[in-house]
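**Student:** Structure in structure tokens, see below.
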Amino acid sequence: MCVCSRCAGVYAGVAIAALFTRFAAIHWATWCREDRLKLALHVGLGLMIADIVTQDVGLHAPWHPVRLATGAWVGGALAAWMLREIEDQRFSATFSRAARSASRKATLAKPA
């Protein structure tokens, strides 16, 4: 393998999150609230750190399935959180553009 198993998991998690958000946009806003994404990221980071510490202390050998899973968890949660932020900014920009356009039309339509 060209990269470590944890890094491969992070890359896979980012890819899965990007594909999931693209194809499941209907339920995206309800499922991916910011507090849920932060919780998922913190839990994933906690599990990853626990695995790293127990491995470095010598309690177990490197378990590649666990490394893949924790990497995918953290990568997916982080990518989902970033994609949610991008979508929120895009929506607010679209909304403000629409509001400006409506306000311009209202001022132009007023009789003098």
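All of the numbers you see were taken from the coordinates with simple rules; none came from a lab. Just so you know, these numbers come straight off a predicted model, no measurement behind them. Note that we place each Cβ from the backbone using ideal geometry, even for glycine, and neighbour counts take in every protein chain shown.
**Student:** Residue separation times 0.36 nm, minus the C-alpha to C-alpha distance between Arg33 and Asp56: what's the value?
**Tutor:** On the way: separation 23, 0.36 × 23 = 8.28 nm, distance 3.46 nm.
Here the segment from Arg33 to Asp56 would lengthen by 4.8 nm.
**Student:** Could you order the peptides 11-20, 52-61 from most to least packed, using the average number of other C-beta atoms within 10 Å per residue?
**Tutor:** Working: 11-20: 16.8, 52-61: 9.9.
For the peptides 11-20, 52-61, the packing ranking is 11-20, 52-61.
**Student:** What full-extension length gain, to one decimal in nm, is calculated for His42 and His64 as 0.36 nm per residue of separation minus the Cα-Cα distance?
**Tutor:** Working: separation 22, 0.36 × 22 = 7.92 nm, distance 2.10 nm.
Length difference between fully extended and current span is 5.8 nm.
**Student:** Of Ala61, Gly71, Leu39, whose Cα points farthest to the positive end of the dipole of segment 32-78 (charges on the beta-carbon: +1 Lys, Arg; -1 Asp, Glu; origin at the Cα centre)?
**Tutor:** The Cα lying farthest towards the positive end belongs to Leu39.
**Student:** Rounded to a whole number, what is D in µm²/s for segment 32-78 from Stokes-Einstein with the Kirkwood radius over alpha-carbon pairs (25 °C, 0.890 mPa s)?
**Tutor:** Details: Rh = 11.1 Å.
Translational D for this selection: 222 µm²/s.
**Student:** Something else: Give, in nm to one decimal, the length gained when the segment between Ile49 and Leu19 is fully stretched (0.36 nm per residue of separation minus the Cα-Cα distance). Intermediate results must be reported in sequence, preceding the final value.
**Tutor:** Working: separation 30, 0.36 × 30 = 10.80 nm, distance 2.66 nm.
Computed gain between Ile49 and Leu19 is 8.1 nm.
**Student:** Using Cα pairs under 8 angstrom and six or more residues apart, how large is the relative contact order of segment 32-78, in percent?
**Tutor:** Normalised by residue count, the contact order of segment 32-78 is 57 percent.
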